[in-house]
Every structure is written in structure tokens, then in C-alpha cells.
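What follows is a short report on a single structure.
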Amino acid sequence: MIKVIDPGFYTSIQDKGRFGFQNYGVPVSGCMDENSAEIANQILENLTSSALLELTMTGCSLEFKKDTIIAVTGSDMNAKLNGSSIQMYNKIDVKKGDLLSFDRFEYGFRTYIAFQGGIKSEKVMKSRSMYNGITKSFKIQKNDKIVLNNSINKSRSTNQEKIQKLILSDNIECYKGPEFHKLSKENKENLLKKQFSISNNHNRMGYILNEKIKNNIKPIITSHVMPGTVQLTPGGKIIILMRDCQTTGGYPRILQLTNSAINILSQKMTNSEIKFNIK
Amino acid sequence: MNSYNLKYFQYNDNSLLISWPERIDENINNDVNEFKNRLETGFKHILEIRSSYCSLLLIFNKKIDNINRLIEKLKNLYLSRKSLNKYDRILWNIPVCYENRFALDIDVISKQNKISKQDIIIRHSKTIYSVYLIGFLPGFMYLGGLDNTLHIPRKKEPRLRVPKGSVAIGGEQTGIYPQQSPGGWNILGNTPINLFDKSKDIPCFAKPGDRVKFFQVSEDQYKLIEKEVEFGLYELNKEVLND
């Protein structure tokens, strides 16, 4: 068992997400940066679907009530065990009574902590991913007790540089969205040539960009959206939907991010720059 | 047999969007749901199918490797039916209390649309609505077919807390808030039943393509049903339509 001393700004339990319920209006949810999360689980030889902690912008502080092994990936927030720095992308032995904490972050925006065996929290509609109204709470709270699955797996480490490169990339690879063809020629060019930056309005549901483009397309009749769908509002704002997004929307869908691009974007913060590239 | 000109569009690695002519139209939505039903029973590698007013989103459990072959298969399947397959549509009868305690905006609707409160209730509860879509919130049904005299734009400033079960009107549609949430629709009543049950394999009783009708209950009946729902004793009245 692990006790939450300080939950940090926004720390939640996530796994691969909730599939098969979108027709009932249930968001997919799941780790924002699936890539970093998968690697954290791989290091511990957990199932890639194992639930772990997702930290946002600031670290948390955890007290271990039993021995286990952990791995920290994603954004570098200067993880410390009992006050001494620990290596990311490596298995870390943790003893009963140890305290895991973090400092200010160096790069990226979201950190993942995987635990050997994975987190054993309430499973709602086949997933442990926290979401408001579906799970009891949508983020972890002070004094929460995090329970782990039993496991006897071995562990290994992985190539940190490759992942760091991905996190720092500004290349957002996408498909043309269903309404892309309705954009004017000038708009298409602007969308694909200009550098965009992330506004201070971003969370697990979506990222709004600072720069606008002209909108010459009318709203559509409410239709399907997914994590990674790029919407254009009547005022020309660009919204990129993320893992906790609603299942339907009425703004034109001009682009669709690849899954790997959603992972990259998850590690961006206010004023980070990105560029769209059609796959 | 009427067939529409469908558009097929690869949405991402493993999803495909099928679009009907872009209209809110009962015939189109029936066709969408009829095709969805056939895809559910006989198409390989489908993880999930989501339906909306005039489109279907197909999500596959693997990457689409040959998009042209996939579209060809879907086209053939769409055109292969001999007649409109009959499928059972369920009509759900949902109790609503339109008393003032719940009907937070009925005065606004009455004033703005120049129609008496009694008329609002009669017109709202006489229509058989189509479930066009479930979205916005888990279990939120967009119901089409609202009487013209009840159309009213969304509120300029959304409420921060619309109570759970609120029955409301937004533009030309009506719907029920399955949980407390912010919302801009005009509220004219409340239902004591649950629209979304996360402990069930199928969390909503209705699905897109079904029909919904409201019936008026008094505040006393509302309280009784509320208790029955709490103890799992209330059974929704449903009819099978086969048209």
C-alpha cells in the first residue's frame, strides 16, 4: 500500500482507457502520453494495460507502506527517494517507509510512475482511468491509499534518449480531418506551414492554441470526435481534443492527430510550439 | 428501397467515418442505425461502432491496411440489402414531473414562445421522440421531433449546476441531464429515473435509433417512483415498435 502525502497539482490513476462505451457518451480517458506510460510498465515487465499514476506539471509525494519496485518516465520532474535523486527510465527498488518526492520540472509536462504489478483501484466499465462522474473521484487526494496488485515479475531498463527526443519533438503528425477539404486554399497552407503555440487553456480534455486561422466553414451537425480531433471554432480558434474529450461535437474537424502525436502533445505546456504535418 | 449516397473517410489509423447527407432527418437516422445493426452482426475486426444524426464511426481493433478494399466491402454491404431490414425499435415511456419546483424555465418558455404552461406540458409529452445520439455527458440522449412551438434557443449564460434528471429544451431538441452538470438548456421538468448506470455492462437502457415518450406525473408520484428507483423496484414501461 502507498499513502498519498501530497497529491500535487493534478495526479490521477490512468490505464489504457475505457473502450466500448463511447456510443453512450462516455469519454475514452486513459494516459495522455501512452508512449511514456507503456515504457514505464515495460521496465517493470507489467502488462502494458497496468494502471499507473499520471502527474501533471508538479510532482506528488508518496509514502510506501511496503517494499516494491517502481519506474518513473515522461516529464523529468527531478524524482527523489528519501531526498536523493533517482534515475528515470530504470527500475527503482523501494523499501517500506521510503518517501518519493519531486522537484521542479526540467522538460515535458506529464510524468508517469509505474508500480510493480500495477495499481489495483476500482474498475468501472473495464477501466481504472479516473474520470469525473465515472470513478469516485477524478484525481488522487491527500491521504488516499493506493493499493497494488501482487506480482513476482523481473524488470529491465530502457532507452531514455529515444523517448526524450519524442517528448521534445514539435512535429504533430496528423491525418486530414473530415472537414479539411472545406478549408480555403490559404487556410490549408496556413494550417500546415505556420508554427502554432499552446495557450494557457489546456487540460486532459483539450488544448486550445494561441494562434487563430480564418474560419470559412459552417458548423456541422453534431458528429463524432475522438482524442486527437482538431476542431475549428466559428471565431477561428483551434482546439485539439485530448483523452478525456466528449464523444461528439459540432465544430468542423479539420485534422486528426495520430496516436503518437497525441502522446507528444501531452508533454507540451503553455506557449510550447508545435507544427502540424499531414501523414 | 431508398439508398443514400454515402461518403467514406479514413479518420485515423484504425477508424473510418461514414457520412450520410448532412441533415437532421428521421429517415436518414433510421438508415444510419439500420446499417449499424447490420455491421454489428456481420463485419470483421470491428471494436466499436458509434452512431450520430447522419454518420457512423467505425473503430477497428487493428490498423486499416487496405482502405480501398475496406470501402469496397462496406459499399457492397450497404447496397446488398433487398429491403429495409426490420429491426425492433423500443419506445421508452419516461415519467416527468413538470411542477414548478422542477420546471425552472417553464415561465421563460411560456413568455418567450407565447404559449401557456399547460400547453407546453401537453405538447412536450404527446410527441414520440427519436434518440438521435447519446453524447455530451455519459447517458445524455439528444431527442429529435420536438413540437415547433417549443423550440427555444439555449440560454445565453449556461447554469453552473443543472440538477440531475432535468428535462430540458435546447433549440429544436429536448433531452435529459443524466447527472448534475453545467448546461444551457431550458428546464421544464425532472425525471426520477436513472439515465446512466455505470455498474451495468450496457449503462444506458436506450440506444440511438430507439424512441422516447414522456408522461406527466404529480409530485407525489414522482416521490414514489424516486423511492422505487432507489430500491431497484421501478421498471420502465417499454413497447416494441416494429414499423
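Given points 7 Å out from each Cα along the Cα-Cβ axis, report the residue A:66 to residue A:90 separation in nanometres with one decimal.
2.6
If you place +1 on the Cβ of every Lys and Arg and -1 on the Cβ of every Asp and Glu, how big does the dipole about the Cα centre of the protein assembly as shown come out, in debye to the nearest 20?
Dipole magnitude for the protein assembly as shown comes out near 640 debye.
What 222 nm value per residue comes from the helices of chain B, counting each DSSP H run with n ≥ 4 as -39,500 (n - 2.57) and dividing by all residues, nearest 500 deg cm²/dmol?
-8000 deg cm²/dmol
How far is helix A:34-43 tilted, in degrees, relative to the longest principal axis of the Cα atoms in chain A, given as a value from 0 to 90 rounded to the nearest 10?
Approximately 20 degrees, to the nearest 10.
Viscosity 1.306 mPa s, temperature 10 °C: give me the Stokes-Einstein translational D for segment A:1-148 in µm²/s, with Rh taken as the Kirkwood radius over C-alpha pairs.
106
On alpha-carbon atoms, Rg over Rh for the protein assembly as shown using Kirkwood Rh?
Ratio value, two decimals: 0.99.
So which aspartates and glutamates can residue A:65 reach, going by Cα to Cα under 12 Å and dropping same-chain residues fewer than 8 places off?
A:98
Less than 20 Å apart at the alpha-carbon level, and either on another chain or at least 8 residues along: which lysines does that give for residue B:36?
List returned: B:7, B:44, B:62, B:73, B:75, B:82, B:86, B:207.
To the nearest whole number, what is the average tally of beta carbon atoms from other chains within 10 Å of the beta carbons of peptide B:195-207?
The shielding value for this peptide is 3.
At a Förster distance of 22 Å, what's the computed FRET efficiency of residue A:147 paired with residue A:82, Cβ-Cβ distance as r, to 0.05?
Between residue A:147 and residue A:82 the formula returns 0.50.
Among A:202, A:224, which comes first, then next, by fewest other beta-carbon atoms within 10 Å?
Ascending number of Cβ neighbours within 10 Å: A:202, A:224.
What are the equivalent ellipsoid semi-axes of chain A, built from the alpha-carbon gyration tensor (square roots of five times its eigenvalues), in whole angstrom, biggest first?
In descending order the semi-axes read 35, 20, 15 Å.
Starting from the 7 Å offset along Cα-to-Cβ, what nm value, one decimal, do you get for the label separation of residue B:63 and residue B:198?
3.5
When every alpha-carbon pair in chain B is counted, what percent end up more than 26 Å apart?
Above the 26 Å cut-off, chain B has 45 percent of its Cα pairs.
Counting other beta carbons within 10 Å of each Cβ, put B:96, B:240, B:162, B:108 in order, fewest first.
B:240, B:108, B:162, B:96
At 222 nm, what helix-only mean residue ellipticity would chain A give, in deg cm²/dmol to the nearest 500, using -39500 (n - 2.57) for each DSSP H run of four or more?
-3500 deg cm²/dmol
Considering chain A as a Gaussian network with a 10 Å cut-off on Cα pairs, which listed residue, A:233, A:222, A:258, attains the greatest mean-square fluctuation?
Result for chain A, Cα springs under 10 Å: A:222 fluctuates most.
Calculate how steeply helix B:26-42 sits against the longest principal axis of the alpha-carbon atoms of chain B, using the helix alpha-carbon long axis, and give the answer as 0 to 90 degrees to the nearest 10.
50
Where in segment A:109-141 does the amide nitrogen come within less than 18 Å of the point 7 Å from the Cα of residue A:45, taken along Cα to Cβ?
Backbone N within reach: A:114-119.
Do any trypsin sites (Lys or Arg not before Pro) in segment B:38-112 lie in a DSSP loop with no more than 16 other beta carbon atoms within 10 Å, and if so, which?
When the trypsin sites (Lys or Arg not before Pro) of segment B:38-112 are filtered for loop state and at most 16 Cβ neighbours within 10 Å, B:44, B:62, B:63, B:81, B:82, B:86, B:101 remain.
At residue B:3 and residue A:171, where each label point lies 7 Å from the Cα along Cα→Cβ, what is the point-to-point distance in nanometres?
Output for this residue pair reads 4.2 nm.
On a 0 to 90 degree scale, rounded to 10, what angle separates helix B:67-80 from the longest Cα axis of chain B?
On a 0 to 90 degree scale, this one is about 70.
Please give the contour-minus-distance gain from residue B:23 to residue B:151: 0.36 nm per residue of separation, less the Cα-Cα distance, rounded to one decimal in nm.
So the chain would gain 44.3 nm between residue B:23 and residue B:151.
Counting pairs of Cα atoms in segment B:7-80, how many percent are more than 17 Å apart?
In whole percent, the long-distance tail amounts to 39.
Here, each number is a calculation from the coordinates, and none is a lab measurement. Just so you know, these numbers come straight off a predicted model, no measurement behind them. Using ideal geometry, Cβ is built from the backbone for each residue, glycine included, and neighbour counts are taken over all protein chains shown.
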